[in-house]
Amino acid sequence: MLSRFILFTALFAFLMPATSAEAAHDGLITKSSDYGVQETMNRLEAVFKKKGITVFAKINHTAGAEKIKAKLAPTQVMIMGTPKIGTPLMQSDQHIGIDLPLKVLVWQNTKGVVSIAYNDPKYLSGRHHIKNRDKVFGKMAGALNKLTNAAIKKPMPAKK
């Protein structure tokens, strides 16, 4: 009887689609940072501000956890954007306002690796069924990729 249960459990797990924890990562772009959490946040803020992107808020989840005497590895979120880009998207479908302004999550895992994650603008296009702003979503995706890379990667040493 026990062997049937084990076989059924293994078969069930194999045939089931991705778990909700795995599915929750749909549409996220995740990258490793060469810097610590705070330095990554500082660098992201500097890069965004230099390009005229407003940083609306920063949330320190670790500090929040400390208030309830809980432990959480360094975890922060930055909320940023620009009405010049967001407004036309909301004119197409106001539902996208739930995902705007954009957010970047910065965290350190148990092995000490610092990563960032953000919603892929092209995923948001599909999520909100916005068909008439492909160029805007493409530019957003390209800019976020370039700007986040500039913030998280140490410069290559100059060749001699």
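For this structure, a couple of remarks:
- The chain: C-alpha gyration tensor shape, a/c 1.5 cut-off, then a/b vs b/c: oblate
- Between helix 134-152 and the chain: long-axis angle, C-alpha atoms, 0 to 90°, nearest 10: 90 degrees
- Length released on extending from LYS111 to LYS50, taking residue separation times 0.36 nm less the Cα-Cα span: 18.8 nm
- For the residues VAL136, VAL77, a 1.4 Å probe over the protein chains yields an accessible-area ranking, largest first, of VAL136, VAL77.
- Based on protein heavy atoms only, the stretch 17-107 ends up with 62 Å² per residue of surface accessible to a 1.4 Å probe.
- In degrees, nearest ten, helix 37-50 long axis to first principal axis of the chain (Cα): 40 degrees
- Accessible surface of the stretch 59-160 [probe 1.4 Å, protein heavy atoms]: carbon and sulfur percent: 59 percent
- 5 angstrom amide H check on ASP99, placed H, neighbours 5+ away: none
- Distance in nm between pseudo-label sites at MET156 and MET90 (7 Å out along the Cβ direction from Cα): 4.1 nm
The values are calculated or read from the model by the stated rules, or taken from the named source; none is laboratory data. Only a predicted model underlies this, so the values are computations on that prediction, with no experimental measurement involved. Methodologically, a virtual Cβ is constructed for each residue, glycine included, from the backbone with ideal geometry; neighbour enumeration extends over all protein chains shown. SASA here: full protein model, heavy atoms, side chains in, ligands and nucleic acids out. Shrake-Rupley method; radii C 1.70, N 1.55, O 1.52, S 1.80 Å.
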